[in-house]
Amino acid sequence: MQAWAALRLYEIEQRQSGHSDRSFLERVFTKLLLNFTWWVNRKDPRGLNVFQGGFLGMDNIGVFDRSGPLPVDGTLLQSDGTSWMAMYSLNMLRISIELAQEDEAYEDIATKFFEHFLMIGGAMTNIGGEGLGLWDDHDNFFYDWLVTSDGAKQPLRVRSLVGLVPLFAVEVIDADMLRKMPVFSRRMEWYLRYRPKLSALVSRWDTPGSADTRLLALTRAFRFSKLLERILDKNEFLSDYGVRALSRCHLKSPYVFDANGFRAEISYVPAESDSDLFGGNSNWRGPIWMPVNYLIIESLRKFARYFGEGFRVECPTGSGKMVSASEIADELRRRLIDIFRRAENGYRPVFGKYEKMQTDPHFKDHLLFYEYFDGDNGRGVGASHQTGWSGLVANMIGELYE
């Protein structure tokens with residue numbers, strides 16, 4: 001997220017002032033190189049380009065407490081941990097390309113991060129050359145996998161944000177920028193020629209998109225569309241107030257893991273956690289979290305920039321209404337804004353049944369930015385911070401109505 005934030009700050013200042021603060025970007029990039037190397041060296045213990053990262057900020061989203069030792073003898077292959085590293089690689093690649101526009105020395109570094117991204121994308125499809133992929137062709141979804149010490153492998157079929165994080169690993173690059181990077185472009189052509197299967201998994205480098213752009217993504221058109229079917233399904237991830245952290249399908253069909261004396265169950269819990277496991281009341285088993293919704297919208301905007309208006313899917317799933325990726329992004333923005341907007345009855349969903357907050361003239365117009373929101377009714381849950389990620393709703397309002 002630090003690389004993502006650095007890029008966002010750089011782009012915001014560039015847009016607002018017309019000035020590119022390359023010195024800032026370069027200073028941050030130098031420090032991020034150290035951090036990236038730490039992740040590669042410490043969180044990929046088998047050297048397979050499949051990463052572990054503890055709970056990764058989503059405390060109780062998984063079967064196990066991922067910040068501690070596994071309760072069974074084995075290794076957890078994390079879809080989200082690996083996808084975050086793919087996103088990190090693309091953000092570092094994008095920064096390298098930006099810096100290479102004026103300093104050709106960064107072309108070699110851009111090549112390094114392009115290769116990292118390809119290796120991670122290839123690993124997610126064929127881990128260790130053993131034919132094991134984190135993408136499930138039957139469910140059309142990404143899952144964590146458990147590999148036990150006896151060699152047995154099984155997917156943990158929980159439909160959660162763990163399987164949606166691969167959407168965040170997407171970057172769209174203008175062909176004009178690439179023309180200024182002959183060394184980097186030659187290396188890309190080498191991969192297209194001598195590693196065509198690997199390149200085709202995660203890139204459309206040789207296929208111009210809208211406005212002569214190029215696409216790098218863990219989820220190309222087919223997987224992107226299949227994940228959108230889940231995201232836009234009201235019986236799964238789509239709430240009236242954004243994208244849930246866990247599919248609502250687990251309300252009636254909880255996921256149960258039972259092996260070697262350890263049993264765990266994951267069911268849809270749309271608001272406060274029903275247990276103190278893995279972080280107490282910071283619940284990722286159904287609520288709407290603003291950070292990941294914001295990143296989903298950002299990813300949709302990038303896909304829309306490449307595919308244009310020609311790529312269309314059903315929204316909501318089953319409605320028969322076909323829309324573009326940019327229109328889906330706008331729809332999700334509207335739903336997130338509706339958390340705070342007065343409904344027809346005059347009440348704001350964020351305040352739920354708290355009458356004082358809904359009607360008292362001293363309180364009703366002073367919005368609180370809660371930690372997360374009820375996956376069914378949009379009620380604010382957890383800490384109310386006044387600042388932080390939920391405040392991004394102001395940015396969404398600006399983007400939707402500018």
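The values are calculated or read from the model by the stated rules, or taken from the named source; none is laboratory data. Everything numeric here is computed off the predicted structure, so don't read it as measured data. Neighbour counts run over all protein chains shown; Cβ positions are idealised from the backbone, glycine included. Just so you know, the surface numbers come from the protein's heavy atoms only, side chains and all, with ligands and any DNA or RNA stripped out. Shrake-Rupley method; radii C 1.70, N 1.55, O 1.52, S 1.80 Å.
Rolling a 1.4 Å probe over the protein chains gives GLU399 an accessible area of about 40 Å². Calculated on the alpha-carbon coordinates, the convex hull of the range 260-341 measures out at 163 cubic angstrom per residue. A Stokes-Einstein calculation at 37 °C with viscosity 0.692 mPa s, built on the Kirkwood radius of the range 95-209 over Cα pairs, returns a diffusion coefficient of 204 µm²/s.
Sequentially through the range 82-94, phi angles give Karplus couplings (6.51, -1.76, 1.60; θ = phi - 60°) of 5, 5, 4, 5, 5, 4, 4, 4, 5, 5, 5, 4, 5 Hz, Gly and Pro residues having no value and appearing as x.
Our coupling estimate for the range 217-234, obtained by passing each phi through the Karplus curve with A = 6.51, B = -1.76, C = 1.60 and θ = phi - 60°, is 7, 5, 10, 6, 3, 5, 5, 4, 5, 5, 5, 5, 4, 6, 4, 9, 8, 5 Hz, Gly and Pro reported as x.
Ligands, DNA and RNA aside, LEU392 has an accessible area near 40 Å² when probed at 1.4 Å.
Across the chain, the mean sequence separation of Cα contacts (distance under 8 Å, 6 or more residues apart), normalised by length, yields a relative contact order of 13 percent.
Taking a ≥ b ≥ c as the square roots of the eigenvalues of the Cα gyration tensor of the range 242-393, is the shape rounded (a/c under 1.5), prolate (a/b larger than b/c) or oblate? Oblate is the answer for the range 242-393, as a/c is 1.5 or above yet b/c matches or exceeds a/b.
Under 1.5 on a/c is rounded, so check that first for the range 216-268, then, if it is not, pick prolate when a/b is larger than b/c and oblate when it is not; a ≥ b ≥ c are the square roots of the alpha carbon gyration tensor eigenvalues. Because a/c hits 1.5 or more and a/b fails to exceed b/c, the range 216-268 counts as oblate.
Kirkwood hydrodynamic radius computed over the range 186-242 comes to 13.3 Å, based on all pairs of distinct alpha carbons.
Quick note on the chain: its Rg to Rh ratio, both from C-alpha atoms and Rh being the Kirkwood radius, is 0.97. Summing charges over neighbours of ASP80, with a neighbour being any other residue whose Cβ is under 11 Å away from its Cβ, gives 0 when K and R count +1 and D and E count -1. The count of lysine pairs in the chain whose Cα atoms are under 25 Å apart, excluding pairs fewer than 8 places apart on the same chain, comes to 23. Rg and Dmax of the range 342-402, based on Cα coordinates, read 12.0, 33 Å.
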